[in-house]
């Protein structure tokens, strides 16, 4: 691809969002302010699960079709309270896995897997998967399989293993140690025919990264270079059929920028969004566009339950389709 064509594509990407801004859908949603929850889109509805509200971990479940009106599906789900877990949509079900709880005096990590057709009824697929108990791992769907990658174990070991499953019960270890550095708080998403991971932290301090890797099968990994965004962890991530959207996150500061990735190029969509800088937020695709909600702000007690949406122009609407 020539330099002029790259400049043209970048210009088109920026112009597609230049006339729109974030719209507040719910300044204060009915669910309690929280961070490190997990959300996914299933059958046209976004579903929010669990998280941490500064005082306790949660296991409630909420859904919305528009980001404005929320319905509580479950007050206390069958799975234990947790944050730092993953939620993906697969085979017309929600899959919830991993995460952590912190009863007084101890931390409890999980390697269980749960599935639900609607967010109300949950079935445990396995109480203990063969991958070790972990939190802040990444999960994504590719080639009719669910992938679980990395995170940090209950013994504080950073992980870069890769596992996959077709049914949530039987898991295959594809890579014991992937070529990307062991990490937690990173993102993963399907983009076209590949699975892409990015960012995260390689320690409990300032070891954040912005490297980007891809795979077609979970076994062989190819480095795509560094992302255009500043290194960070605990960001919101959503994916359409042709783009990955990365929002917010944290390093030595909290961010409120928005980036997109088409598989070869990163574009800064917005450098300063209308919502407060935060980490541990959720990002999903809503009928109104890209939605973000929840998260933790500048101070540890700054928990959010606001909901925002960014509508893309009609020129990109054909690519901005829900991935379920």
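Some values worked out for this structure:
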| item | result |
| --- | --- |
| Residue list for the range 78-103, filter: assigned to a loop (DSSP other than H, G, I, E, B), modelled with pLDDT of 95 or more, more than 16 Å from the chain's Cα centre (by Cα) and closer than 25 Å to residue 235 by Cβ | 79, 81 |
| 1 or more residues within 20 Å of the chain's Cα centre (by Cα) and closer than 30 Å to residue 71 by Cα: qualifying strands (runs of 3 or more DSSP E) within the range 104-185 | 113-116, 138-142, 145-153 |
| Subset of the range 213-242 [within 14 Å of the chain's Cα centre (by Cα) and modelled with pLDDT of 95 or more] | 232, 233, 234, 235, 236, 237, 238, 239 |
| Search result, residues across the range 1-27 that are modelled with pLDDT of 50 or more and surrounded by 12 or more Cβ atoms within 10 Å (Cβ to Cβ) | 20, 21, 22, 23, 24, 25, 26 |
| Qualifying residue in the range 163-180 (condition: crowded, with 18+ Cβ neighbours inside 10 Å and under 30 Å from residue 273 (Cβ atoms)) | yes |
| Residue satisfying all of: in the range 148-162; crowded, with 23+ Cβ neighbours inside 10 Å and in contact (Cβ under 8 Å) with a residue 40 or more places away in the chain; nearest to residue 40 (Cα to Cα) among these | 148 |
| Residues within the range 222-257 that are part of a strand (DSSP E or B) and buried (at least 20 other Cβ atoms within 10 Å of the Cβ), tallied | 15 |
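The values are calculated or read from the model by the stated rules, or taken from the named source; none is laboratory data. Please read these numbers as outputs of a predicted model, since none were measured by experiment. Because the Cβ atoms are built from the backbone with ideal geometry, glycine has one as well, and the counts that use them run over all protein chains shown.
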